[in-house]
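Each reported figure results from applying straightforward, stated rules to the coordinates on display, with no laboratory input. The structure displayed is predicted, hence computed values, not measured ones. For neighbour counting, all protein chains shown are included, and Cβ atoms are generated from backbone atoms with ideal geometry for every residue, glycine included.
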Amino acid sequence: MKGLLYKNYLITRKYYFMAFMFSFITALFMILIRLSMICGNISHDAEAVDELTRSMWIFRYMPCAVIILGFAGYEETFFTDLNAGWTRFSRTTSLSANKIVGSYFLSSGIVLTSAYIICLLYLVIFCLSFGDKISLHYITNITSLFCFGVIKQYFNLTLAMFAQKRQTVQLIAISIALIFPWLLCAYIYPKMKELENPDTVLLEWMAQQFEPIKAYIFPVMLFLAVIFTVGGYFISVKGLERRTF
Amino acid sequence: MENAIEMTGLTKKYDGFTLDNISFNVPKGSIMGFIGQNGAGKTTTIKLLLNLIKKDSGNIRMLGLDPDKNESEIKSQISAVFDEIPFHEVLNANQVSVILSDVFENWDKQTYFCYLDRFALPRKKKIGSFSNGMKMKLQIAAALSHHAKLLIMDEATTGLDPVVRNEILDIFMEYLQDENNSILLSSHITSDLEKIADMVTFIDKGKILLTGGKDETVENHAVIKCKKDDYKNIESADIVSARITDFGAEVMVHDRKKCEKKYAGLTIDNTTLEEIMLFYVRREKKEWK
């Protein structure tokens, strides 16, 4: 397993570099903004500092989303590895399907967990810089994001191991997924017509609509992440065993 | 004689192609050349051997074991080489050694690096920047570095220049110095097989047409060069197929000794594996230009 994990590390290491560079640059950018708030031109204008502080919310999540989803996107490298003949070669050796699938799942797990830890550290730095309290709310949001990354990664990996025609299955999955935004729009549009001034209150109204859903996002994501990891592993092993080359 | 591979009645049906009742053996310590034109069923047979696809019927035994029951044990003792390198392009030869030491129990790092030096392959250069010949040499170095008893090669020398091909063929001859080692070499480059194969199996349209010792196969066949009038006197049962030109006929016969006696007045020439393949592929037409 050590050698297979090493291989997976070698073929994906550019993503580690990119993620670390991205988090370093955003952290640097954050520090520069903080410094300009303390000693820059706007430091004397309390209103401008408040405005900037308010607009900084995006910095809590955006870099985390980029890191986690960026890492979850590296399965494309695994696909090239799988398609490059490695899978066929590995099936001519005494390597078991458990070991092959396990190495991919374990590598993905290690990478996503390290991305998650980076994001938590990033959040701590952010909160310390801007005097925010590290609330449970931030942590659950980032954990939900991490779970989403896990779901995306393991779904695609399972698809790569199981489906002979991965792109077709992926297309079907995307088509099904597109129905949900369409349903949402079908729900929102008539409601919007009922509003007196849709332009100004739309965001607030949407926030209100999503408020009850927010409470369920974290547990649902956590549950799905576990299902996709365990289920995905077993489906992948079965898929690889019955796969022909 | 003990066999490294025994295949009997192997069948696999696809839409539009059937590998039909394939039976042949690869004796231990020999090189079996597996020839046939593109799409004849060579790769399908090899995939069935390696359990990369499931057979519809038939029996296989490899190294004296049943692949259905002892797959892992068999696969630890064989090496398969395909026309495409299985290692990711960002890796280098050193890293391949670390990875394969985890894949093969008997990985011999020293042998691997000896082959790298012999093939003049750089250890730290990325595989992506290797030429086709270098990639194939790397694959062969890896295949020979875990003391495999059976080497299965599928079109591994296709697309390589004659110098590299010769180098690789020499390595195979060395590998066969150990009498327990055997090679199944699938190729449509018959000149390579003519050089090193002990046995040949000829497959066409999913059926085995010939299997046996290479020398006997070549010696048993012959080409009769004659005029069109003389060609008419050759019995149809003796003919594999015949090339008819404006100047005369070239007739492939499958029993040279019998034909030498029977058609004593005609010129009977030696033939090659390539010619045998060419005439057998057109056997259904019987006459061609």
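Structure summary
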| read-out | value |
| --- | --- |
| FRET efficiency, 1/(1 + (r/R0)^6) with R0 60 Å, evaluated for B:Ser236 and A:Ile25 via beta carbons | 0.15 |
| Estimated dipole of the range A:1-121 in Debye, rounded to 20 [Cβ of Lys and Arg +1, of Asp and Glu -1, Cα centre] | 840 debye |
| Averaged over B:83-92, number of beta-carbon atoms from partner chains that fall within 10 Å | 6 |
| Peptides ranked, highest mean first, by Cβ atoms within 10 Å: ranges B:204-210, B:64-70, B:137-143 | B:137-143, B:204-210, B:64-70 |
| For residues of B:93-104, the mean tally of beta carbons on other chains within 10 Å | 4 |
| Euclidean distance of C-alpha centroids, the range B:120-139 and the range B:159-202, integer Å | 21 Å |
| Calculated FRET efficiency for the pair A:Phe79/A:Leu106, C-beta based, R₀ 22 Å, to 0.05 | 0.80 |
| Sites A:Ile42 and A:Asn98, calculated FRET efficiency, Cβ-Cβ separation with R0 60 Å, nearest 0.05 | 0.55 |
| The protein assembly as shown, dipole about Cα centre (Lys/Arg Cβ +1, Asp/Glu Cβ -1), debye to the nearest 20 | 380 debye |
| Residues of the range A:87-101 with amide N under 20 Å of a point placed 7 Å along Cα→Cβ from A:Lys2 | A:94-96, A:99-101 |
| DSSP-defined antiparallel bridges as percent of all bridges, the range B:3-214, nearest 5 | 55 percent |
| Cα-Cα over 19 Å, subset of B:Lys54/B:Lys149; B:Lys232/B:Lys286; B:Lys149/B:Lys205 | B:Lys54/B:Lys149; B:Lys149/B:Lys205 |
| Axial C-alpha extent at least 15 Å, average Kyte-Doolittle at least 1.6 - helices from chain A (DSSP) | A:58-72, A:97-130 |
| Value of relative contact order over the range B:3-214, rounded to a whole percent, pairs C-alpha under 8 Å and six or more apart | 32 percent |
| The range A:2-242 - Debye-derived log10 I(q)/I(0), Cα point model, q = 0.07, 0.15 Å⁻¹ | -0.33, -1.13 |
| Potential extension, A:Ile174-A:Met62 segment - 0.36 nm per residue separation minus Cα distance | 38.0 nm |
| Cα-based shape type of chain B, given that a ≥ b ≥ c are square roots of the gyration tensor eigenvalues and the cut on a/c is 1.5 | prolate |
| Restraint check, B:Lys13/B:Lys207; B:Lys12/B:Lys75; B:Lys228/B:Lys258; B:Lys13/B:Lys289; B:Lys225/B:Lys262, Cα-Cα greater than 23 Å | B:Lys13/B:Lys289 |
| Approximate spin-label separation A:Gln208-B:Thr272, in nm, with each point projected 7 Å along Cα-to-Cβ | 8.8 nm |
| Average beta carbon contacts from partner chains per residue of A:4-16, 10 Å cutoff | 3 |
